[in-house]
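Have a look at the structure below, then the notes.
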Amino acid sequence: MLVLRASFILLLLCQPPGQATSEAPKELVGDLGGSVTFPLKLPEIQIDSIFWTFNTTPLVTIEPKTPNRQANVIVTHSHNKERVKFPQGSYSLELSKLNKNDSGDYRMVIYSSSLKEPLNQVYRLRVYEHLSKPKVTMGLLNNKNGTCVTNLTCFVDQGGEEVTYSWESLGQASNESHNGSILPVSWRLGERDMSFICVVRNPISSNSSNPVFAWKLCEGAAADSESSTILAFLGVSLLIFAFALMPAILIKWREKRKVSESIEERKGMDTHQEIPNYYSTSGETSVYDMITCVNKTIPEEDPEKTLYFSVQIPQKETISEENAEKTLYSSVQIPQMMEKPHSAPTSPDTPTLFTHEIIN
């Protein structure tokens, strides 16, 4: 009996769908891991059977309750038994534990002996996941005359299909919105601060990013501008300081130059007045002339017969006192005649005078 009934159901499923309805598919959305209900409103007639199919695959067969029998529900695939329910005794299909593969078209067909054509209803299910918090990245920053220009890009991880992006700009005279994942930003240092929020949406959820502040984005540009201002101020200050010191430096240089020229002039005058000292106090310049007699015996020096001559050489005032006086000593010794016994007579040619001259 059951085998025959199952065969009958399969034959019904293989029949072409009826033309009792021409309505467009009803759009249903479900969240990943959640559940969705396919609403069904039965007509006030005797219902023989209800068939549910997913795309072209049989899903559920229902034989409604009649006075002569109990309701009978047959789930085609065993893995769907825990997922299929009919809440509150109705014949509206509830499908739980949704996954991405559950997206598609679901068809419901009602057979009744009171109808010439089966009733058809098509449902189109889309399964989405809840959106995570979007992230914002900054593109290349361009700084022009203190104005920073950049692009903000918003994205979500595993966003799936049908994700829409929009931006909300706060802090302006009137809040503005912008559609799209990319937002061009232009902000000038000194303007009122602005914040930008990215909003992502899909059919079942929405989420917003953390606010992005314009001054934070343009912090580098502001720092560059401040650095340029500081450098310009320092440069101007250094120039003013240099110009202020220039007269003092010139005066100091001129005074130093005058002193140097005066010293050079004095050195030149002293050079013209100096006379070279040809008489050294050392003994190296002493000249000794010795005239000896052939007589080997040198008589002792007689102080009474020694003559001393002092010669003073006048010198200029610039010559030091040490070399101011040069003394010339000349010593002449007259040896005495000594007679020796049996000595030979002295000839006229024999020298009898010994002279010792010392020149200092």
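Entry note: segment 135-219 has Rg to Rh equal to 1.00, where both radii use alpha-carbon atoms and Rh is the Kirkwood radius. For the cross-link pairs 65/116; 81/116; 100/135; 85/133, which exceed 27 Å when the distance is taken from alpha carbon to alpha carbon? Correct reply: 81/116; 85/133.
Summarised in one figure, the compactness ratio Rg/Rh of segment 20-128, Cα atoms and Kirkwood Rh, is 0.96.
Here, each number is a calculation from the coordinates, and none is a lab measurement. Note that the coordinates shown come from a computational prediction; the quantities given were computed from them, not determined experimentally.
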